[in-house]
Amino acid sequence: MTDVLTYTVATDGDRIDKALIAAFPQFSRSKIQHWLKTDAITVNTKLVKPKYKVKAGDQIVIQIPQPTPLAAKAENIPLDIVYEDRDVLVVNKPQGMVVHPSAGHADHTLVNALLYHTDFEGINDQIRPGIVHRIDKDTSGLLMVAKNELAMKSLMAQLKAKTNDRVYLAIVHGVIQEDSGVINAPIGRDPKDRKKQAVVAGGRSAVTHFKVLERFEKSHFTYVQCILETGRTHQIRVHMRYIGHPIAGDPLYGPKKSLSGHGQFLHAAVLGFEQPRTGEHLRFEAPLPEIFQKTLDNLRQTH
């Protein structure tokens, strides 16, 4: 199965990839170039080279191949399970682990490990079974997982109603002068870089509460607590950068010169929710990863 897009060129001059990016902004330059290289694009029924310059009246046809459906496979990967009952489990995800399979990360994810560990009753999602929220690959900490349909609906409803406890700890660049604050700024895809999110007009509502825990004046860092009111992609990372205090070690939103580690110093330390069947409020805490704790200790010694 393929989807077919057609486009008639209006003016002479542009390279074909530029012309198609302008005509179909939903596709990235790399995707269009890949289609050119794999003969998915024709001009006037003929194949052309990527450097071809379009002419007015050219009939361009793109045949978009349908991706092969992914299906996660069980893998015997150790998990740090903090809590488990018949409906839910809470896992302490290590830094560096992707939550669920996607293009470029077909295996060795948290979902692959979960499929080996447990059965998902009545949940038919082949890629994200039980996953109701995510944390980034290089963010460590607590994640709740639904084991059946009842739990899935309940946990998703709790997230929508914003009744969960979700507390993060982070080391950020710069010394924050305020003791606490609220960042209320909408987040959407960065128009300049599709890999990033950004604060943009018309983005989805996003609210982060922060509180300063320690200031390191000499080294110019701050240890903060962040509480999520909403759960947008990269929310804390984007919001802290937005106020001029990007998270240390963040390869996407932070400065090149930063604290050395394995990615951003961001840890999902506290997670609380209602048990879907009993209504009991459950609350869990995960200690800082070793590299985070050592870095914090070093900052305290040099302060």
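All of the numbers you see were taken from the coordinates with simple rules; none came from a lab. Note that the structure is a prediction, hence the values are computed from the model and not measured. Quick reminder, even Gly has a Cβ in these numbers, built from the backbone with ideal geometry, and neighbours come from all protein chains shown.
Observations, loosely collected:
- Over all Cα atoms in region 126-270, the spread is summed up by Rg and Dmax: 15.6, 51 Å.
- Build a GNM of the chain with springs between Cα atoms under 10 Å apart, and of G13, G130, G263 the one that fluctuates most is G13.
- Cα-Cα over 24 Å, subset of K153/K196; K196/K256; K162/K211: K153/K196
- The share of C-alpha pairs in region 70-206 whose separation exceeds 23 Å stands at 45 percent.
- Dipole magnitude of region 81-302, debye to nearest 20 (Cβ charges: Lys/Arg +1, Asp/Glu -1, about Cα centre): 860 debye
- Taking N as the residue count of the chain, its C-alpha radius of gyration divided by 2.2 N^0.38 Å amounts to 1.19.
- D107, D136, D297, D14 arranged by Cβ crowding within 10 Å, fewest neighbours leading: D297, D107, D14, D136
- Exposure proxy ranking for M156, M144, M97, based on other Cβ atoms within 10 angstrom of each Cβ and starting from the fewest, stands as M156, M97, M144.
- Shape of region 2-65, Cα gyration tensor, a/c cut at 1.5: rounded
- Taken as entire DSSP H runs, the helices of the chain that both span 15 Å or more between Cα atoms along their own long axis and average -0.5 or more on the Kyte-Doolittle scale are 149-161.
- Taking every Cα-Cα distance in region 183-254 and sorting them into 10 Å bins from zero, the calculated P(r) comes out as 20, 52, 23, 5 percent.
- Short-range pairs are left out: with C-alpha atoms under 8 Å and at least six residues apart, the relative contact order of the chain is 14 percent.
- Whichever aspartates and glutamates have a C-alpha closer than 14 Å to that of K46, once near sequence neighbours (fewer than 8 apart) are set aside: D58
- Part-to-part distance (alpha-carbon centres) for region 138-178 and region 31-104, which is given in Å: 26 Å
- Max mean-square fluctuation residue, GNM over the chain, Cα-Cα springs under 10 Å, options Q197, Q66, Q95: Q66
- Helical mean residue ellipticity (222 nm; -39500 (n - 2.57) per DSSP H run of 4+; nearest 500) of the chain: -5500 deg cm²/dmol
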